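Trainee: My structure is below; once you've seen it, I'll send some questions.
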Amino acid sequence: MTVRKPDEQPPKRSGVYQELNSTTVHGDSNQIGTARDVTFFYLFGRLSRWKLLAIALGLVIAVTVRNYWSEVTDWARDLSGDPALIATISSPLNAGDSVAMVDQLASDEHGLLLRGPSRQQLRALLDRHRAARVRSMNVVVILQGRRNHPIRIIDVRPRVIAAASNPSGTCLTLPLQGTVEEFEIKADLDRMRPDGTKSRYLPKSIDLTDGERATIDITVTAEQRWYEWEIEVIYIRGSGPEPSSAFFRLSDGQPFRVTGEAPRYATTYHDPSLIGIGLRSGARNSRCP
């Protein structure tokens, strides 16, 4: 064992740890407490100017991307063609609703109604004949925003695609159930303007961010003509100078159809038959039940 005299100095260490217990930074008397801190400053001081510039630039880019991430993701969605708004459309037949068609049904279709069609069969038959709701119809629209920044919905309105005289071939009435939702819009397609002095149909503007939803209940009426129509949603994104429009139809791409009532129909179908299956055929050349 080595015995050191009281006045003898301890042996010096070499390398970066030589002055571990007495190193100061810029004249500060605070001592650096660990070898790890000394190593960090030692290695950082050995980095070249270009490496330090690259590190600083990387930090600036990271902070910028973080601050503008919502704008970057919205821009990417725009570039990919992802719509800013999507809609879920529902237009069920309500109790007592009637639909009218230009022509009369074929014998097999007549038999199908008397036997009682399934919902899918009935929908196919109505689409095939471009059947229209008589007097009025109800459409429920659930709008959903698809951007981080709010989409401001200015108005939701019907847009007429085609018009013709009221059909008088076939009319049938189905006892089915419908729904009622939140925001209510009423439109008369014969006049195509909001009630009173209002400039828009929607009661108030709606702001939707990514994932947020709003439900609109649209009631459309017609007396004078037959109409095919779709839904137009007018909206503004951020501080954009001009409003944009999005157009929506039923999920299968079919437009909505509504018509005024004809004085008489060649054929009519209404309440369930006497045996409780299918529909009952009414008198010819009569009004729709």
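Trainee: Please give, to one decimal in nm, the separation of the simple spin-label points placed at residue 123 and residue 281, each 7 Å out from Cα toward the Cβ.
Mentor: It works out to 2.8 nm between the two label points.
Trainee: Now, a different point. Would you mind working out the accessible area per residue for region 117-173, using a 1.4 Å probe, and quoting it in Å²?
Mentor: 41
Trainee: Right, next: Stretch residue 230-residue 149 to full length: gain in nm at 0.36 nm per residue minus the Cα-Cα span? Provide the component values of the computation, followed by the final result.
Mentor: On the way: separation 81, 0.36 × 81 = 29.16 nm, distance 2.66 nm.
Additional length available on full extension: 26.5 nm.
Trainee: Another question, if that's okay. Work out the FRET efficiency for residue 199 and residue 160 from their Cβ-Cβ distance, taking R0 = 22 Å, and round it to the nearest 0.05.
Mentor: Details: r = 18 Å, r/R0 = 0.84.
With a Förster radius of 22 Å, E is 0.75.
Trainee: Pop a pseudo-label 7 angstrom from the Cα along the beta-carbon direction at both residue 244 and residue 135 and give the gap in nm to one decimal.
Mentor: Spacing of the two 7 Å Cα→Cβ label points: 4.1 nm.
Trainee: How much length is gained on full extension from residue 108 to residue 70, taking 0.36 nm per residue of separation minus their Cα-Cα distance? Show your work: numbers first, answer last.
Mentor: Details: separation 38, 0.36 × 38 = 13.68 nm, distance 5.70 nm.
Result for the pair: 8.0 nm of gain on full extension.
Trainee: How much length is gained on full extension from residue 270 to residue 209, taking 0.36 nm per residue of separation minus their Cα-Cα distance?
Mentor: Once the chain is fully extended between residue 270 and residue 209, it gains 17.4 nm.
Trainee: Can you work out the accessible area per residue across region 215-259, with the rest of the protein chains kept in place, probe 1.4 Å, in square angstrom?
Mentor: About 45 Å² of surface per residue is accessible.
Trainee: Taking region 109-260 on its own, what percent of its Cα-Cα pair distances exceed 26 Å?
Mentor: Tail of P(r) above 26 Å: 33 percent of Cα pairs.
The values are calculated or read from the model by the stated rules, or taken from the named source; none is laboratory data. Small disclaimer: the values here were computed from a predicted structure and weren't measured. Neighbour counts run over all protein chains shown; Cβ positions are idealised from the backbone, glycine included. Areas reflect the complete protein model, heavy atoms only, side chains present, ligands, DNA and RNA absent. Shrake-Rupley method; radii C 1.70, N 1.55, O 1.52, S 1.80 Å.
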